[in-house]
Each structure stands twice: as C-alpha cells, then as structure tokens.
Amino acid sequence: MMALLTRDLKLSLRAGGGALIGVLFFTAVVAVIPFGVGPDLNLLARIGPAIVWVGALLSALLGLDRMFQTDREDGSLDLMLMQEHPLTLTVLVKCLAHWLGHGLPLVIASPLLGLFMNMDEVAIGATMATLLVGTPALTFIGAVGAAVAVALPRGGLLVSILVLPLAIPVLIFGVSAAYAAVEEPTPFLPPFLILVAITMFFAVLGPFGAALALRNAGD
Amino acid sequence: MRLTAENLSARRGEDLLFEGISFEIASGEGMLVTGRNGSGKSTLLRVVAGLLRPEHGRVLWQSDRSGAGTPAAEACQYLGHRNAMKPELSVRENLTFWKNFFAPFEARRGLSVDEAAEAVGLVGIVHLPFGYLSAGQQRRMAFAKLMVSYRPVWLLDEPTAALDTSAEALFTRLIEAHLGDGGMVMAATHQPLGLETARELKMSGFTGVTEEVW
C-alpha cells in the first residue's frame, strides 16, 4: 500500500500531474477578487475567508476527475481490481495520495492568498486550519464522483457537478468556523468540530462508495 | 492446481456474446482462445479475470496450497491491450511498484526487476521513463511485469501485438518456461504463438456455439 501511495504522489508531482495546476487556479481565483471588488480593505477582510474557501473548493474539484481515469486508461485499474487486498483500502490510499498531492498544496498556499484579501493573522490561521481539516472531505466525496464517472470520456465537468451539492456542507461549516474565530461572540469550536465530523464521515463512506462504483463500472 | 470454468456466458449490452463455455486448465497447460474479431475472446478473458461479471456460470480456482474459496482472479495475472504502466515513471519505478503492490501468491515471490528486464532482453534501459520506449519495447516491459510477481495463471490478451518476430519467439520461450514451471496460460490471439502443447478454444461469436479442438 505504501508503494501505491508513493507512486501516486510521484505521478501528481511530475509533469502533467496537476498538483501545481490546482494551486495556480486557486491563486488566479483569489487574486482577481480584489480587482473586482475594489480597494475597500474592510470589505476584503470581511469576505476574505469565504473567498479563500470558495477558491479552494473550486481548485479541489478541478483535479478530481483524473483520480481514477488515468489508471483506467492505461489498464492499471484492471490489475488493482483483481487484487486481494480490499478495494476500499486501495481507494482510501489513492484518496490520501490525491489529497497530499492536490489538497495539501492548497492549504499551504492559503496564508499567502489570505494576505491578498487583507485578512489578519487570526483569520488566516483559522482559514488554514479549517482548510486543513475540510479539504480531505472534498477529496473523499470527490472520489465517489470520480469513480462513478470513470468510464465517461469527458467526465470532468460531470464529476464537479455531481460532487458540488455534497461539498456544500463542507463549505458552509468551513467558512462559518473561520468567521467564528474572528467575530467575538460566536464560538469557534462547534462548527469546527462538525467539519471534523464531516471529514471523518466521508473518510469512511467515500472510499466504500467509490469502491462499489469501480467494481460495477467494469466493461 | 487447476482453473475450472463452468458453463460461462457473458452479455454485452443486450446480446449474449457467448454461452455454455466450460473448460479446465491444469498445471502446465496452455490454452489458446481464437476466433474472429468481436467473437468474445477478450470478454472471456476479462470474465476469467473477474473484471466482468458472467451472466451465468462461474470460474473456480483449486489448489492444495491456497485456501478453499480463493477467488480465481487472485491466481491470475492479466495482460490486456493496455500495458498498465505509467509513461511518466521510469521502467524501474513501474516494475517496482507492481512487484510491491501484488502480494506474494502461495509464498512465491517473482523475479527481481533486473532479472525480469533481462528475461525480456531489455536490461540497459530500466532507468528510462516508460513513455520514451518504443511500442514494442513497452510491450516487452509489460511482459516483464508478469514475471516480477508470481501468479500461476497468465491471462494474455493479444500478447504479441506490436512485436517483431524475434520478440514473438522470446515470448513463446517465456510462456513455455512458465508452463514448464507448472504455470498455466490462457491467451487470446490471432497468431499461432508457436506453442506446441496448447489446446485451442474456438470462439465462433454471436450465436454462442463453441467447439473445443484438442
């Protein structure tokens, strides 16, 4: 299983792997907001966490469709389906590798983009923490969508649309936790813990659903 | 060790592609699956590999050493039309990954990466990215993948596509060595492959009538 993790990580970092593409897209989305909104620093600071979260969500959706499709195109997926270790475990490892390659760079890039949005340290820290906890959930949800659309030649947009409704709760609780850290009366912990719960829930359900979809995608 | 198929039939869309196929391959035996294009050779191999669910029938794996109820797919190595290698990674990384990913079967490990590369006659180029190799070299390396992890049953789908005659001869030798080692081979092919002992399963397609030629 370690072999699969290192292989997928290598693939996402090498040419055409798309780890950098996600960060570039994230930067592009967040960087154009100040130009569009105008130089109102207070307004930027207020919408900052939400914009960073929306940008991260969209970039996370960007690379999802390739999660199983490349393996299917070159036949690797067939060999993985034939193996005795549970397919759910294989999918879980692929999700982890995908998150390390595509999700973690977004989390690391978020403080810089927080500065673009004139956010203070607390807001930046809170946004980064919520992204760190929330983005794995996006990967696990996305795995199901990617597995369902694996046989479709142009499944990219379809995966994003399939996944988006399920990703909305992650966005809601991520953003509300980030705001709760900044605005005094509301407590930070409850929405943050719900976010953690969402991630753990989908960490169990996502790989299971994706494995089921892959088994039945056979042709 | 034996691989038994009982009364297999498979569907593609609405149509029954074949039905009532039964065969038995014992240790050291090879079987060629022949037939026209579209007669269901690849589908049959994918059914045996457990990648497609058969409409009826089942595939059984019996061996003294593996536990009862071991799925047949686990005893198989499948080489399809696609090579299952990543063009971005080097040949060594590809082969090492598959060697580690496949658990040892019945406590037998396969060849090392260098031994396998030597067996297919491409020893000096394992450091190159797989995408740099020619189609024939890629196919040979895909064949090396069969050897880095031991599985008794090889399911080969058109193994000699994109190969020159010397490589075909090499493949025949490798298949014969695998059979001599007690393995089994089931190959869908248009070329005769030069195997002397192999049986032949003729797929006639669409009507589902098959005949077995000994």
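None of the figures in this text is laboratory data; all of them are computed from the coordinates on show. All figures in this text were calculated on a predicted structure; none of them were measured in a lab. Every residue, glycine among them, receives a Cβ derived from its backbone with ideal geometry; neighbour counts consider all protein chains shown.
Highest GNM mean-square fluctuation among A:Met67, A:Met200, A:Met82, for chain A modelled with Cα contacts below 10 Å: A:Met82. Rounded if a/c is under 1.5, else prolate if a/b is larger than b/c, else oblate: which is region B:99-190, with a ≥ b ≥ c the root eigenvalues of its Cα gyration tensor? Note, shape of region B:99-190 comes out oblate. For the protein assembly as shown, DSSP calls about 55 percent of its internal beta bridges antiparallel. Going by neighbour counts of Cβ atoms within 10 Å, the residues A:Asp65, A:Asp78 line up, fewest first, as A:Asp78, A:Asp65. Rounded to the nearest 10 degrees, the inclination of helix B:165-180 to the longest alpha-carbon principal axis of chain B is 70 degrees.
For an R0 of 45 angstrom, estimate the FRET efficiency from the Cβ-Cβ distance between B:Ala135 and A:Ala45 and round to the nearest 0.05.
Values: r = 57 Å, r/R0 = 1.27.
My answer for the efficiency is 0.20.
With both labels modelled 7 Å from their Cα along Cα-to-Cβ, the A:Leu58 to A:Ile168 distance reads 1.8 nm. Once you put a point 7 Å from the Cα of A:Leu13 and another 7 Å from the Cα of A:Leu158, both along the Cβ direction, what distance in nm separates them? Taking the two extended label points, one gets 3.4 nm.
Could you order the peptides A:138-151, A:120-133 from most to least packed, using the average number of other C-beta atoms within 10 Å per residue? If you can, show how the numbers build up before the last one.
On the way: A:138-151: 26.3, A:120-133: 19.9.
Output ranking for A:138-151, A:120-133: A:138-151, A:120-133.
Figure the gain on full extension for B:Ala161 and B:Leu128 (residue separation times 0.36 nm, minus the Cα-Cα span) and round it to one decimal in nm. Please list the in-between numbers first.
On the way: separation 33, 0.36 × 33 = 11.88 nm, distance 2.21 nm.
That works out to 9.7 nm of additional length.
Counting only lysines at least 8 places from A:Lys10 when in the same chain, those with an alpha carbon closer than 25 Å to its own are A:Lys94, B:Lys86, B:Lys99, B:Lys145. Here's the list of lysines a cross-link from B:Lys202 could span, going by alpha-carbon distance under 16 Å and ignoring same-chain residues fewer than 8 apart: B:Lys41.
Potential lengthening of the chain between B:Arg173 and B:Thr4 amounts to 58.3 nm, from the contour at 0.36 nm per residue minus the alpha-carbon distance. Look at A:Met1, A:Met119, B:Met203, B:Met1 and count the other Cβ atoms within 10 Å of each Cβ; fewest to most, that gives A:Met1, B:Met1, B:Met203, A:Met119.
Kindly state, to the nearest 0.05, the FRET efficiency for A:His85 paired with B:Arg65, given R0 = 22 Å and r defined as their beta-carbon distance.
On the way: r = 19 Å, r/R0 = 0.88.
My answer for the efficiency is 0.70.
Which shape class applies to region B:30-174: rounded if a/c is under 1.5, otherwise prolate when a/b exceeds b/c and oblate if not, where a ≥ b ≥ c are the square roots of the Cα gyration tensor eigenvalues? It comes out oblate by the Cα gyration axes.
What's the exposure ranking of A:Ile172, B:Ile25, going from fewest to most Cβ atoms within 10 Å?
Working: A:Ile172 15, B:Ile25 21.
Exposure proxy ranking, most exposed first: A:Ile172, B:Ile25.
What FRET efficiency would be calculated for the residue pair B:Arg82, A:Ala151, taking the C-beta separation as r and a Förster radius of 25 Å, to the nearest 0.05? Provide the component values of the computation, followed by the final result.
Details: r = 14 Å, r/R0 = 0.57.
Once the sixth-power term is evaluated, E becomes 0.95.
For region B:2-213, the share of DSSP beta bridges that are antiparallel, to the nearest 5, is 55%.
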